[in-house]
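Working notes, beginning with the structure itself.
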Amino acid sequence: MSFLLDLLIFAVAWTHVLIAPYTKVEESFNLHAIHDLLLHGSRPEGLQKFDHKVFFGAVPRSFVGSIALAWLSNYVARLANDLSLLTSKFDLQIVIRLTLASINALGLCFLRHAVARRFGRLTSLLFTLITVSQFHIPFWMGRTLPNMLALPFVNFALYLFLDSGSRAARMSTTRLSWAIALMTFAAVVIRVEIAPLLGLFAIQLFADGSLSVTRLVKVLRFLCATYHMVFMHAGRIALTVSIDSFFWDHWPLWPEFSSVYFNVYEGKSADWGVSPFWTYFATFLPRLLMATEVFIPFGFASNAHIRSLVESAVGFLFLMSFLGHKEWRFVVYVVPILNIASAQGAQTFIRQRKKTLFSRLKFLVVVGALVLNASATVLLTRASIANYPGGHALSRLNERYAETPHVHVHIANLAAQSGASLFLQTHAPPYASRLGILPPAISATHPWIYNKTENLPPVDIAYNSLFTHAIAESRDALPAGRWEVVDVIDGFGGWKVRKDVLRLVNKKGLEGLLRIIEMKKENKLWIFEKRVV
Ligand SMILES: *[C@@H]1O[C@H](CO)[C@@H](O)[C@H](O)[C@H]1NC(C)=O
């Protein structure tokens, strides 16, 4: 039973990777860093070709998470190669994403075990069902956002905080120390917003007596000892400062410090758009947690431990609300915490000795909430899959012209941002020959050029003798005399609710019900080929 629940978490994580393999611009910094590490290597000649040297972002990000994921993915890729599963660079992207999805799934499985031990098997079952029925974590846990690299650290730490066997037993100092060490590392190196979350956990631990001043001294001593052992007198900050200074070629550079300086101290986060103060509570939380959010108050009322968890989560959301710019991913760490509270709340609904009409109704409410979650997730996932026109466009181009030498394709901004990652440049170097990823026949001698030059005026594409193909954002981007549209890529264009429900059900039976909500498609990208004149 327990094993099946873990398997379910992994299966859901992998399914989301496989049904939506393409990636968006938010994921590209880490994804491209891993691409460059695996395919160019970190020697100086390779370093010059790194994507971040060509396309700068607003603030520097840390390479440390990418290095760790690249290192792990390398082993998985070798295994996949031994099983002859790798055929193109694009398969490597899937390997990287499956690796990350597995790490995050493992974090959730550990958490689930802790929940089972502390709150019982029924709560752990409900925690699993709630988690996999939601959209955001399952869909994103295999996507290389810095937040998704930080999430497993938070989940492992939370596991250590929670899993102290019987309810009465006090957490051992070693566990406590490891939990704090993991979160400190994640805060300093990967995502600085983990710091306030750790602070709130620490306050809770002080409040319930798990942490005292003498224990804190022990924990700090442990941190210092580990820091000596792992980084040999270099220290955690030095680790990220020196690695990132090396990759960014700028000394000294501590990305998460720059991020606080830039976003909080200089208030630049507002440049990305400001949301009202209560946005996290009013908008993002219901979207992240969906229908099962309604059980949180019942969990809160039933158990003191749940109360302290919920208080930390709510405190964190409150603190993060002071930053003008808000995104769901900045606060995604509270989702597992609040799901534990929901699961405990739903458990009180289900666990009832007497089978009365009222208790049966309560059971139905829990099942109904899970079904609502899952239905909304199916719709959101379908819409999201259709939201990567750039990935689809580049795949089609690669396939269609597989036998054509010397293709030089211009890739429009929308395509570059919606899936056209470096891993889809399957007809151009670099190749990972040691992993058996070789150039397709013709492009070995006549490699393609995938040109992502931004803000190029249409005339410069149309009358530039360099380009042979283009992926453009409108049908009349290029003059019809010289260029021919060979393919059109559709994308998500909204939902349509069918009014003729009765007719549908009459014609298709129960299947008709599934078609009531229909996805509208819109033309998003046009693939052009230059005419031979
Ligand atoms: C990409 O296009 C731009 C603009 O035409 C051109 O200057 C650049 O040389 C091209 N890149 C490659 C690698 O040919």
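The table that follows gives values for the structure above.
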| read-out | value |
| --- | --- |
| Subset of the range 457-488 (residues that are within 14 Å of the ligand (Cβ to nearest atom), touching a residue at least 12 places away in the same chain (Cβ under 8 Å) and of a type in the set (S, T, Y)) | Y463, T468 |
| Number of positions in the range 369-398 that are open to solvent by less than 30 Å² (accessible area, probe 1.4 Å), assigned to a helix (DSSP H, G or I) and small (G, A, S) | 7 |
| Checking F316 against (1) open to solvent by 20 Å² or more (accessible area, probe 1.4 Å); (2) modelled with pLDDT of 95 or more, the condition it does not meet | (1) |
| Odd one out for G491, checked against (1) within 14 Å of the ligand (Cβ to nearest atom); (2) in contact with an Asp or Glu (Cβ under 9 Å, 6 or more places away or on another chain); (3) not charged (D, E, K, R) | (1) |
| Pairs where the first residue, in the range 356-370, is over 17 Å from M290 (Cβ atoms) and the second is in a helix (DSSP H, G or I) and of a type in the set (F, W, Y), C-beta under 9 Å, 6+ apart | S359/F349; K362/F349; F363/F349 |
| Matching residues, the range 399-440, being touching a residue at least 12 places away in the same chain (Cβ under 8 Å), surrounded by fewer than 22 Cβ atoms within 10 Å (Cβ to Cβ) and not in a loop (DSSP other than H, G, I, E, B) | R400, H408, N413, L414, A416, Q417, L422, L435 |
| Residue pairs meeting the criteria (Cβ under 8 Å; at least 6 apart or on separate chains; first closer than 24 Å to E27 by Cβ, in the range 309-332; second outside any helix (DSSP H, G or I) and hydrophobic (A, V, I, L, M, F, W, C)) | G324/V274; H325/V274; R329/L145; F330/L323 |
| Of all residues making up the range 441-456, the number that are within 16 Å of the ligand (Cβ to nearest atom), surrounded by fewer than 18 Cβ atoms within 10 Å (Cβ to Cβ) and among the hydrophobic types (A, V, I, L, M, F, W, C) | 2 |
| Some residue of the range 471-479 being modelled with pLDDT of 85 or more, outside any loop (DSSP other than H, G, I, E, B) and not aliphatic (A, V, I, L, M) | no |
| Which numbered condition F257 misses (of (1) open to solvent by 80 Å² or more (accessible area, probe 1.4 Å); (2) within 27 Å of F135 (Cβ to Cβ); (3) in a helix (DSSP H, G or I)) | (2) |
| Residue within the range 470-477 that is of a type in the set (A, V, I, L, M, F, W, C), open to solvent by 40 Å² or more (accessible area, probe 1.4 Å) and more than 21 Å from K89 (Cβ to Cβ) present | no |
| Selected residue [among the aromatic types (F, W, Y) and out of contact with any Pro (no Cβ under 6 Å at 6 or more places or on another chain)] from Y431, Y388 | Y388 |
| Residue match in the range 496-513 (condition: farther than 13 Å from A412 by Cα, of a type outside the set (A, V, I, L, M), crowded, with 16+ Cβ neighbours inside 10 Å and within 16 Å of the ligand (Cβ to nearest atom)) | no |
| Qualifying position, being out of contact with any Cys (no Cβ under 9 Å at 6 or more places or on another chain), farther than 29 Å from M141 by Cα and not polar (S, T, N, Q), among H392, H406 | H406 |
| Extreme residue, nearest to A20 (Cα to Cα), among residues of the range 478-495 that are among the charged types (D, E, K, R) and open to solvent by 40 Å² or more (accessible area, probe 1.4 Å) | D490 |
| The range 180-209 residues that are within 14 Å of F257 (Cα to Cα) and open to solvent by less than 10 Å² (accessible area, probe 1.4 Å), paired with ones that are assigned to a helix (DSSP H, G or I) and hydroxyl-bearing (S, T, Y) (beta carbon under 6 Å, 6 or more apart) | V189/T240 |
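The values are calculated or read from the model by the stated rules, or taken from the named source; none is laboratory data. Since this is a predicted model, take the numbers as computed values, not measurements. For neighbour counting, all protein chains shown are included, and Cβ atoms are generated from backbone atoms with ideal geometry for every residue, glycine included. These area figures cover heavy atoms from the full protein model, side chains too; ligands, DNA and RNA do not enter into them. Shrake-Rupley method; radii C 1.70, N 1.55, O 1.52, S 1.80 Å.
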